[in-house]
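What follows is one structure encoded as structure tokens, with my remarks underneath.
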Amino acid sequence: MGSLTYLTGSEQVVSGFARAGYPQYLRIILGIAKPVAAIVLLIPGFALLKEWAYAGVTFALCMATISSYVSEPHPKWIMPLVLLVLVAVSYLIRPPNRRVAPGPHI
């Protein structure tokens, strides 16, 4: 649902990106990337793609936490930090069939 507000140009999202100093095209990129990552994480298989999705979500949430901490007057940064912890827990407790099998080192 949040991605829809990114893509439709919700006034709150647009002003938040402007206040943080981010270009508006980043809002569109994140509005597409977030639901794609969520779908990848929910569907079975695709272990390597899941690693990339976890990495992307982690990066986005780290940046959201830092950006909110720096640009918001109140503690809005707590929510992305909580989500980051949940993503970390999800990554650490995922079943073996959702992990990339170790291969030979080159």
From fewest to most C-beta neighbours within 10 Å, the residues Thr5, Thr65 line up as Thr5, Thr65
Only Cα pairs under 8 Å and at least 6 apart count here; give the relative contact order of segment 2-98 as a rounded whole percent.
-> 23
Can you put Arg99, Arg27 in order of Cβ neighbours within 10 angstrom, beginning with the fewest?
-> Arg99, Arg27
Likely footprinting exposure, Val57, Val87, Val36, fewest C-beta neighbours within 10 Å first | Val36, Val87, Val57
So Thr58 and Val70, fully extended at 0.36 nm per residue minus their Cα-Cα distance, gain in nm 2.5 nm
Expressed as an acute angle from 0 to 90° and rounded to the nearest 10, what is the orientation of the C-alpha long axis of helix 78-92 relative to the principal long axis of the chain?
-> 10
Taking the Cα-to-Cβ direction at Gln24 and at Ala101 and moving 7 Å from each Cα, how far apart do the two end points lie in nm?
-> 4.9
Loop-resident sites, segment 1-65, for chymotrypsin sites (Phe, Trp or Tyr not before Pro), counting at most 15 other Cβ within 10 Å (DSSP) = Phe46
Using +1 on the beta carbon of Lys and Arg, -1 on that of Asp and Glu, and nothing else charged, what's the dipole of the chain about the Cα centre, debye to 20?
-> 220
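All of the numbers you see were taken from the coordinates with simple rules; none came from a lab. Note that this is a predicted model, so its numbers are computed, not measured. No Cβ is skipped: glycine too gets one built from the backbone with ideal geometry, and neighbour counts run over all protein chains shown.
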